[in-house]
Amino acid sequence: MPLYAQLADALEQEIVSGRWEPGSRVPSEAELCEHFALSRTPVRQALSRLEQRCLIARRRGQGSFVESTQSALWLLQASEGFFQDEVDRRGHTVTSQVIRAEETTLPARCCDALDLEPDSTGAVLERLRSIEWNVSLYVVNYLPARLSSAALTFVNPNESLYRRLRERMGVEPAGGRRRLRAVAADAAVAKRLELPVGAPVAFIESITWDAQLQPFDYYEAWLRTDRVQVDVYSTGASASLALPLQAESRDAS
């Protein structure tokens with residue numbers, strides 16, 4: 001992860017944890033440069049990222065101030081699962097409602113995506129996922145039959161699917177491909193996401209493969225971007241120089 005992204009995440013933790021309250025002043029660029037031993041460029045990029053997430057507001061001649069402690073995002077290119085690994089770690093309450101969990105014949109598009117023979121059986125997991133009890137994502141996962149026992153057997157509906165596959169089956173996500181486009185919510189999706197029919201939502205198609213480069217999960221998801229923003233990192237060769245950062249609690253007044 002590039003330096004500015006590490007710094008943005010570290011500062012975001014101070015905000016969403018409540019250690020920096022709304023209205024409090026964020027340390028200046030100079031203070032952040034000195035504290036983290038960074039140049040101005042990554043510090044400015046980190047503050048811009050927090051501003052884009054509506055966590056801080058920068059006031060000319062006064063500095064940056066905490067605007068809100070509520071942030072939720074999906075790091076689209078991350079190979080991990082959506083909520084527990086990207087949203088939950090930012091201090092939000094994440095819940096899931098399981099609508100369907102069964103082993104059945106997979107649709108042709110899913111068999112193609114998972115490199116399975118036509119009409120293969122597999123696991124289908126249909127869920128509504130919420131942040132702070134606000135419905136944010138409607139997602140349907142399709143997995144090969146060899147993973148059905150782990151995918152469909154769970155006690156806590158809120159646990160991460162990928163974490164369960166890792167712990168029970170030794171499946172380690174190694175990469176994937178995600179496609180995103182804007183669509184109008186049809187009647188079924190609109191009802192799930194508590195939106196008017198035709199409301200714009202982000203539609204994501206994803207294939208995730210394991211360490212052996214075998215696809216093991218194909219999902220389709222409809223996302224309310226008014227409640228979760230999609231974040232994409234773009235890095236160059238210098239990203240390999242990233243250093244681990246730690247944020248300390250400090251007086252922001």
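The values are calculated or read from the model by the stated rules, or taken from the named source; none is laboratory data. This structure is a prediction, so every number in the text was calculated from the model and none was measured. Cβ placement follows ideal geometry from the backbone for every residue including glycine, while neighbour counts extend to all protein chains displayed.
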Handout entry: Test: LEU193 is out of contact with any helix residue (DSSP H, G or I) (no Cβ under 9 Å at 6 or more places or on another chain) and over 18 Å from GLN97 (Cβ atoms)
Key = no
Problem - Evaluation of PHE216 against (1) without any contact (Cβ under 8 Å) to a residue 60 or more places away in the chain; (2) crowded, with 19+ Cβ neighbours inside 10 Å (one fails), failing number - result: (1)
Exercise for the section: Filter segment 2-45 for residues that are surrounded by 15 or more Cβ atoms within 10 Å (Cβ to Cβ) and among the aliphatic types (A, V, I, L, M) and give the result. Expected result: LEU3, ALA5, LEU7, ALA8, ALA10, LEU11, ILE15, VAL16, VAL26, LEU32, LEU38, VAL43
Practice task
List every residue pair whose Cβ atoms lie under 8 Å apart, where the two residues are 6 or more positions apart in sequence or sit on different chains, the first residue falls within segment 11-24 and is within 14 Å of LEU50 (Cα to Cα) and without any contact (Cβ under 8 Å) to a residue 60 or more places away in the chain, and the second residue, located anywhere, is among the charged types (D, E, K, R) and buried (at least 17 other Cβ atoms within 10 Å of the Cβ).
Solution key: PRO22/GLU67
Practice task
From the list ARG177, ARG166, pick out the single residue that is surrounded by fewer than 20 Cβ atoms within 10 Å (Cβ to Cβ) and closer than 26 Å to ALA8 by Cβ.
Solution key: ARG177
Handout entry: Test result for LEU213, under 26 Å from TRP133 (Cβ atoms) and assigned by TED's automatic domain parsing to the domain that holds VAL135
Key = no
Practice task
Note down all Cβ pairs under 9 Å where the first residue falls in segment 102-120 and is under 16 Å from SER148 (Cβ atoms) and outside the structural domain of PRO215 (by TED's automatic domain parsing), the second is in a helix (DSSP H, G or I) and of a type in the set (Asp, Glu), and they're at least six residues apart or on different chains.
Solution key: none
Practice task
Quick one: in segment 129-153, of everything that is surrounded by fewer than 19 Cβ atoms within 10 Å (Cβ to Cβ) and in contact (Cβ under 8 Å) with a residue 40 or more places away in the chain, which residue is nearest to ASP112 (Cα to Cα)?
Solution key: ALA145
Problem - Odd one out for VAL87, checked against (1) modelled with pLDDT of 80 or more; (2) outside any strand (DSSP E or B); (3) assigned by TED's automatic domain parsing to the domain that holds ARG178 - result: (1)
